[in-house]
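One structure below.
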Amino acid sequence: MDLIPTLLPSHLKSATLEDIETLLALDGDCFTKLWSRDHYLREIESPNSDILIFHQPESHRPVAYGCVWAIVDEAHITILGTHPDHQRRGYARQVLAGLLQLAIVRQLKQATLEVRASNEGALALYSSFGFEVAGRRKKYYSDNREDALILWRSGLDRGFDPWQTCRQ
Ligand SMILES: CC(C)(COP(=O)(O)OP(=O)(O)OC[C@H]1O[C@@H](n2cnc3c(N)ncnc32)[C@H](O)[C@@H]1OP(=O)(O)O)[C@@H](O)C(=O)NCCC(=O)NCCS
């Protein structure tokens with residue numbers, strides 16, 4: 001999106017084709033290969049998808065990232081990860097705030113995502129942004145047949161400030 005550079009802090013950057021190796025490295029570190037190279041290339045080129053990469057302010061190293069799809073008036077958060085060596089420093093919080101900021105610019109009204117039922121850290125993060133559990137997909141994940149929780153956050157178009165949780 002053209003508005004990205006003026007909307008986001010300088011350490012959050014929109015991914016371009018030049019970032020493909022960075023994305024694959026982050027994917028391997030955060031998820032042990034969730035998406036393929038072709039998948040990331042499709043996301044970068046899609047007009048309905050935004051990928052943000054967080055660069056650690058001190059080292060400028062890329063250490064966290066996330067992706068959001070715009071579908072009708074919904075923001076679907078499809079991936080969010082922080083390198084294991086850099087977790088619990090508020091980086092995913094900033095990526096999520098950036099993704100939701102972009103969703104607001106696109107005038108999307110609500111956000112949704114799926115998360116493993118056992119992923120307490122991610123659930124705490126999403127909850128701090130006002131996401132609520134709205135459903136459960138039984139045995140959704142093929143690796144361990146774990147349930148997925150479906151989370152929604154409505155009211156993106158009603159004065160929601162995604163950066164507020166980063167300031168607390
Ligand atoms: C979930 C994940 C993205 C969080 O990244 P992060 O950069 O460490 O998160 P942040 O530092 O921004 O944490 C923000 C808040 O989330 C919650 N949180 C994050 N990780 C947590 C953990 N391991 N245990 C408990 N709460 C946690 C806390 O409330 C935290 O705030 P606090 O540190 O002030 O207590 C990261 O653990 C990760 O990449 N996990 C593997 C991939 C994954 O599960 N992605 C989510 C899929 S939906």
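Throughout, read-outs are computed from the coordinates displayed, never taken from laboratory work. Predicted, not measured: the structure shown is a model, and the values here were computed from it. A quick note on method: Cβ atoms are made from the backbone with ideal geometry, for glycine too, and the neighbour counts reach across all protein chains shown.
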So, first residue acidic (D, E) in the range 12-40, second residue surrounded by 11 or more Cβ atoms within 10 Å (Cβ to Cβ) and in a helix (DSSP H, G or I), Cβ within less than 8 Å, six or more apart or across chains; the pairs are D19/I44; D27/Y40
Checking the structure you have, find out if any residue of the range 136-146 is part of a loop (DSSP other than H, G, I, E, B), out of contact with any Lys or Arg (no Cβ under 7 Å at 6 or more places or on another chain), among the hydroxyl-bearing types (S, T, Y) and away from the ligand (no atom under 11 Å from the Cβ).
yes
Look through the range 126-167, keep the residues that are under 20 Å from the mean Cα position of the chain (by Cα) and among the polar types (S, T, N, Q), and return whichever of them is farthest from L34 (Cα to Cα).
Q164
Out of curiosity, is H60 touching a His at 6+ places or on another chain (Cβ under 6 Å), surrounded by fewer than 20 Cβ atoms within 10 Å (Cβ to Cβ) and not hydrophobic (A, V, I, L, M, F, W, C)?
no
Search the range 134-149 for residues that are exposed (fewer than 12 other Cβ atoms within 10 Å of the Cβ) and pair each with any residue that is charged (D, E, K, R) and outside any loop (DSSP other than H, G, I, E, B) when their beta-carbon atoms are under 9 Å apart and the residues are at least 6 apart or on different chains.
N144/R116
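Results for (1) under 15 Å from the mean Cα position of the chain (by Cα); (2) buried (at least 18 other Cβ atoms within 10 Å of the Cβ); (3) on the phi > 0 side of the Ramachandran plot; (4) not hydroxyl-bearing (S, T, Y), shown as yes or no for each residue.
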| position | (1), (2), (3), (4) |
| --- | --- |
| K13 | yes, yes, no, yes |
| S46 | no, no, no, no |
| I79 | yes, yes, no, yes |
| P84 | no, no, no, yes |
| R88 | no, no, yes, yes |
| L96 | yes, yes, no, yes |
| V115 | yes, yes, no, yes |
Out of all the residues in the range 27-44, is one or more in contact with a Pro (Cβ under 8 Å, 6 or more places away or on another chain) and either surrounded by fewer than 15 Cβ atoms within 10 Å (Cβ to Cβ) or of a type in the set (D, E, K, R) (or both)?
yes
